Structure formats: C-alpha cells, structure tokens
1. From the phi of every residue in region 71-77, what ³J(HN,Hα) in whole Hz does the Karplus formula 6.51 cos²θ - 1.76 cosθ + 1.60 yield, where θ is phi - 60° and glycine or proline is x?
2. Tell me the label-point distance for the pair MET283, LYS482, using the 7 Å Cα-to-Cβ offset, in nm and rounded to one decimal.
3. What is the Cα coordinate range of region 6-274 on the first, second and third principal axes, sorted by size from largest, in whole angstrom?
4. Need one number: nm distance between label points at LYS69 and THR5, each 7 Å from Cα along Cα→Cβ, rounded to one decimal.
5. Could I have the simple spin-label model distance between SER324 and ARG252, label points 7 Å from Cα toward Cβ, reported in nm to one decimal?
6. Distance from the Cα centre of region 3-26 to that of region 232-296, in angstrom?
7. Can you tell me the relative contact order of region 283-467? Whole percent, Cα pairs under 8 Å, sequence separation 6 or more.
8. Using +1 on the beta carbon of Lys and Arg, -1 on that of Asp and Glu, and nothing else charged, what's the dipole of region 6-274 about the Cα centre, debye to 20?
Amino acid sequence: MALKTPEQFEESLRKMNFKIYLMGELVKNPVDHPMIRPSMNSVKMTYALALQPEHEDLMTARSHLTGEKINRFTHLHQSTDDLVKKVKMQRLLGQQTASCFQRCVGMDAMNAVDSTTFEMDRKLGTKYHERFIQFLKMVQDEDLTVDGAMTDTKGDRSLAPHQQADPDMFVHVVEKNDQGIIVRGAKAHQTGAVNSHWIMVMPTIAMSKEDADYAVSFVCPADEKGVFYIYGRQSCDTRKMEGGTIDVGNSRFGGHEALMVFDNVFIPWENVLMCGEYEFSGMLVERFAGYHRQSYGGCKVGVGDVLIGAAALAADYNGAAKASHVKDKLIEMTHLNETLYSCGIACSAQGSKTASGTYLIDLLLANVCKQNVTRFPYEIARLAEDIAGGLMVTMASEKDLQHPEIGKVLEKYLQGNAGICTEDRARIMRLVENLTLGTAAVGYRTESMHGAGSPQAQRIMISRQSNLERKKKLAKKIAGIKE
Ligand code: SF4
Ligand code: FE
C-alpha cells in the first residue's frame, strides 16, 4: 500500500499507545479530544488531498526507490521541480486548513538526514545511510507521518551541551551496548508530535568533540516506551471545548506543539542515524533548517491567503470595501504574501543536487525567505486587524448570538452591510481573531518568528552565505582599484 486514505490515517493513530499529558491529565483518547482533534484533521488533509485527482501532481510523487506512487510528504526531492512542487503543495494545504498541517517537519528531516548520512558514511566509513533508506522505504510504503524533532530545551544558552548544570538539557546518549543506545532528554515545541507515527530525532546545533554524546540522530516509534508528551497550550484553546463553531474561528483545523520527553529510551542500532560523529551535526542542522525555512515560503503564504480573504470579507461585511485605503491595504498584504512565496519558489528553483542525489535548496535564498517570514506575517496580521476593526476581539459569544432574546439585540446592533447576516460577519471576525491572536496565531505569528530558527539564526546563515569578498572584488573592478 503506498497511499493511505484519510480514514486509514485516523484509524492508525487510534492504534498508537501515546502517553500525553494535557492540562494536568493523561489523555485517554487523543484522536477525539476536542483540543487535539482539529490538529489531527489538518494532518488528515495531507492524506485526503493526495487522493484527489486535481491535486495529484502536487501531493504525490514517484518514489525514486520503488517507482511507486507515494505521498510527497514521504518523498526525497529528486529535482528542482520537486522542490518547487513541495512549496506549492504547502501553499495549497495552508489555504485548505488555515493552520499548521504538521507533516512537513518529517519530510524536511528525512531529506536532510538522507544527504547528511550519505556524506558522513563516505567520509567516515559509517553505515548510517543504508539504515535510513530502509526506514524511508517503510515510511513510503506505509504512508507514515514522521515528526522531525530537532529543538532541544537548551538550558543556559551561554553554555555548550556538556557544560550545562543538568546534562539532560540536550538529548544525549547515556548508554551504549551491543543492541543499541539509551537516550535521555527532551525536544521542545514539537509540531504535530502526537499525530505522528514515528519520530526522527536530530541534534539541535553544531557540536564539538566534548559534545559527542549529544551528536545523536535516530528514529523511533512515536509511542515508544519511555517517550511521553506534555501538550502545549495555545491562546483561546479552551474555546475548542465549548462545542461551538463560531467563537473558535476555525472549528475544523488547527496545529499543535508538545514537549517530547525521552526518559531513558532504548534505540536499537538499526534505528540509529548518528552517534558521536559531531563533525556532521552542523551539516544536518543547517540542511534541515534550510528545508524548513523554504517550507515557510509555502505554508505561511497559504494561511496568508486565507487571512487576506478574511480581511477582504470583513471589509465587505463592514461596508468599507470601497474605501481607497482599505483597497490599498489589501494590495499591501498581497504584495507581502507574494514576496514570501517568491522567496520559497526562488530558493527551490535555485536548488542543487547533493552527493546522495537528493536536491537541496539554495541556502542563502531559503534563509532570506525565513527572515522575511519573521516580519511580513506580522504586518499582514496588523493590516488584517486594522481592516476588521475592534469587533473581532470585543464581540459577544456564540451563546449570546444564539440566545433567544439577547441574540435579537446582537443581530440588530452588530449588523454591518445590510445584505449580510450578522452571524456571517461574526464568523469572519472570529476567523481574523483566530489567525492573528487565537490558536492559529501559534503557527501564523509566533512560529513565523521562531519556527525553523529565530531571526538571528538566519542572519548568521545569511552572513556565511553572502560571499562579501566576491562583492568587494566586483566593486574594486568597477571603481578601478587594483588588487
Ligand atoms: Fe509545515 Fe508550516 Fe507547520 Fe512547519 S509550520 S510543519 S512548514 S505547516
Ligand atoms: Fe514549523
């Protein structure tokens, strides 16, 4: 079987034996939990769209290993065309879910691990790449969702992993034996963790010799013994427990993050992909971050499309659509959103082949892409709030809107454009709120800042890739300065 149906995906999660804490309680049934289910629905869309003929070209690919049709989220990019299609697929999913659909982290991790293990084996004579390929075959064949887990909790940021007062601030190897390794530590902000079948762990920074125990990469089932999750809160998340569809803004879809704890977890050697090869830690981090910075030029743009649409509808419903400043603000939002998309496409089109055959994005352009993502969604959100007006955060609740008496008062006084019913106006206001301040703002705003690395991480990469010496030479030549 190469493509799972969305129903099969949901059923496969029901069979998992996750240990998840949410608001102080152990969750018995995550799939149906009202705070978790919308995030599951978003991942489910990655399966649903892959079966729709009109999206087949973007959502599926041919496995370079088996020739089978597979979900693009399990594919290794075989060309720049694949890299471009990846960004287009992410924009499509952002448009369809208006949230984080989570499955990209695993795709980005697998692509980064592929080329890194290949080059590591070639230099050091290790045997990691073949293990990775066996894992990938299973992922493609069973159409699995993999969580790429990179970000450690990091403790004191001024100290290296081995210098931390608590050695568990970075995931590390605590024991090695004939069968495998035992790891301990935690990964923070793990997107889609409890909607995933497997976890692919990577180190979080370039490591030195002293940090060799922290230069560890491996895969393990997401419900492995010793792995547990503490589910992250989102702004306005308990509205999902109220059972309505208006106040949540987006009642069907969402994203999630969790703290993923490894409490002395045993990993057999066949699932270990790096163990002590600290010189390759930086390469893996740089490539994974590069792919994920490219990703934001797709997913955030798709969500931005929904936000721009919501702002335009809010203007229609408020009766303000003809105001020239509103039109201009919508143009500015579109300009910013398409600039992000241009960066996502550009770093893909300028990608190149690595030694393993897998294509890597242009790292400079991918970092420029993400640097813009740390800014533009904030401005797009600001303009959306400007257009929508204060009602998006001061409006009465859904229960009041539906109340037999109070509802009539709200119906009368919350009327905007007379041709639009008040409930529709309320729905659009709440969607703008959801995307800018509510649960989806995790993915659209704060994740735009910190996801795939905070702004300074991109600036370091931009500085490394900028080739200033060549630019100085160009200037000297034009100015007539002799070398
Ligand atoms: Fe995918 Fe975007 Fe979510 Fe990252 S933030 S997992 S790229 S949808
Ligand atoms: Fe992310």
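The values are calculated or read from the model by the stated rules, or taken from the named source; none is laboratory data. Keep in mind the model is a prediction, meaning the values are calculated, not measured. For neighbour counting, all protein chains shown are included, and Cβ atoms are generated from backbone atoms with ideal geometry for every residue, glycine included. Note: accessible area is taken over every heavy atom of the protein model, side chains too, but ligands, DNA and RNA are not part of it. Shrake-Rupley method; radii C 1.70, N 1.55, O 1.52, S 1.80 Å.
1. Result, rounded to whole Hz: 5, 4, 5, 10, 9, 9, 5.
2. It is 4.3 nm.
3. Dimensions of region 6-274 along the principal axes of its Cα atoms: 53, 46, 34 Å.
4. For LYS69 paired with THR5, the spin-label model returns 1.5 nm.
5. Each label point lies 7 Å from its Cα, and together they span 4.0 nm.
6. Using only Cα atoms to place each centre, the spacing works out to 15 Å.
7. Averaging sequence separation for qualifying contacts and normalising by length gives 30 percent for region 283-467.
8. In debye, rounded to 20, region 6-274 gives about 380.
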